[in-house]
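Participant: I'd like to ask you about the structure that follows.
The values are calculated or read from the model by the stated rules, or taken from the named source; none is laboratory data. Everything numeric here is computed off the predicted structure, so don't read it as measured data. Neighbour counts run over all protein chains shown; Cβ positions are idealised from the backbone, glycine included.
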Amino acid sequence: MLVLAAIPLGNPKDASRNLGEAIAAAKFIAAEDSRKFSRLCSDLNVKHSAKVISFFEGNETERIGELLEILSSGADLLVVTDAGMPGISDPGYRLVRAAIDADIQVKVLPGPSAVTTALVLSGLPCDRFCFEGFPPRTSGTRQAWFEALAQETRTIIFFEAPHRLLESLADAQVILGANRRAAICREMTKTYEEIIRGDLSELHNWASTNEILGEITMVIAGYDQSTKTFETSDLIAEVLKQESAGISRKDAIAEVARASGISKRTVFDAMVTHKSGDKI
């Protein structure tokens, strides 16, 4: 059986009893960082006799064959990361896929999650959200990444390295709007936990005047369609674009109304003003 175990984000007291028992009983453990894993065992006062195998982003692909051999032999394998759930921006997903393809049972020991912890701490809507991993490292691709999220209506959650946070916030406020509500969640559950809430402009100002250290999770409010305004020319252009793709005038008006959150009557009236000579 492949067992993926959630690890405390920082406070070892958040560990479940299941985690301690699983570590003590394991014969094989795949750990993202063996030193941090050893420290966790010490904090939990848990002893084990398992063979600990290094399993991190840099060797994940080449390790899968070895780990599958262990599982295929009938032994259980426990997978742990530095913090949080394996597979969530950490090694694990590829191994799970390989195990499923090999008809090997997969089990999860639930526990702490930086994603949901930050979501609740942010004070932003929790009913619908999306997790986007890490933004791209280079400016151009990061800007394009934010552009793709510009009209995402769900609350947006992502991780960021402390030394890139200021650059990400600069891009976010330009593309998403300086007044978009957000929160920086830093060092959650640890001694120096800090939650900074405000709009993107305020968070950028904070990041530019403070030393940024530790694990960072960003939460940004989703796009509010009611705040968008449309010029008549914009509505006409969108309907004509739909028509050029082979959609009827009636269906194009309905689609533009749906996408913009504007009534069909308003879009219809915009097309009446269109001077192309077409009939509605």
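Participant: Run down 165, 121, 203, 169 and say which single residue is touching a helix residue (DSSP H, G or I) at 6+ places or on another chain (Cβ under 7 Å), part of a helix (DSSP H, G or I) and closer than 23 Å to residue 85 by Cβ.
Facilitator: Within the list 165, 121, 203, 169, the selection yields 165.
Participant: Okay, next question. Count, please, the residues in region 39-67 that happen to be in contact (Cβ under 8 Å) with a residue 12 or more places away in the chain, in a helix (DSSP H, G or I) and of a type outside the set (D, E, K, R).
Facilitator: Number of matching residues: 6.
Participant: How many residues does region 163-175 hold that are more than 16 Å from residue 219 (Cβ to Cβ), surrounded by 16 or more Cβ atoms within 10 Å (Cβ to Cβ) and touching a residue at least 40 places away in the same chain (Cβ under 8 Å)?
Facilitator: Looking only at that region, the number is 1.
Participant: Looking at residue 178, is it on the phi < 0 side of the Ramachandran plot, surrounded by fewer than 18 Cβ atoms within 10 Å (Cβ to Cβ), among the small types (Gly, Ala, Ser) and touching a helix residue (DSSP H, G or I) at 6+ places or on another chain (Cβ under 6 Å)?
Facilitator: yes
Participant: Within region 68-104, can you find the residues that are farther than 14 Å from residue 29 by Cβ, more than 20 Å from the chain's Cα centre (by Cα) and part of a loop (DSSP other than H, G, I, E, B)?
Facilitator: Listed by number, the residues that qualify are 73, 74, 102, 103, 104.
Participant: Determine which single condition residue 157 fails, assuming it passes every other condition in (1) crowded, with 18+ Cβ neighbours inside 10 Å; (2) touching a residue at least 60 places away in the same chain (Cβ under 8 Å); (3) over 27 Å from residue 261 (Cα atoms).
Facilitator: (3)
Participant: Could you list, ordered by first residue, the pairs with Cβ atoms under 8 Å in which the first is in region 139-154 and over 12 Å from residue 176 (Cβ atoms) and the second is outside any loop (DSSP other than H, G, I, E, B) and at pLDDT 95 or above, at least 6 apart or interchain?
Facilitator: 139/167; 139/171; 142/167; 142/168; 142/171; 154/129; 154/130
Participant: Got a sec? Which of 81, 117 is touching an Asp or Glu at 6+ places or on another chain (Cβ under 7 Å), among the hydroxyl-bearing types (Ser, Thr, Tyr) and closer than 30 Å to residue 182 by Cα?
Facilitator: 81
Participant: Among the numbered conditions (1) among the aliphatic types (A, V, I, L, M); (2) within 19 Å of residue 207 (Cβ to Cβ); (3) in the same structural domain as residue 11 (by TED's automatic domain parsing), tell me where residue 161 comes up short.
Facilitator: Every listed condition holds for residue 161 apart from (3).
Participant: What pairs come out if I take residues in region 234-255 that are in the same structural domain as residue 267 (by TED's automatic domain parsing) and farther than 17 Å from residue 273 by Cα and pair them with residues that are hydrophobic (A, V, I, L, M, F, W, C) and assigned to a loop (DSSP other than H, G, I, E, B) whose C-beta lies under 9 Å away, six or more apart or interchain?
Facilitator: 255/247
Participant: Farther than 23 Å from residue 19 by Cβ and small (Gly, Ala, Ser): which single residue out of 72, 49 fits that description?
Facilitator: The unique qualifying residue is 72.
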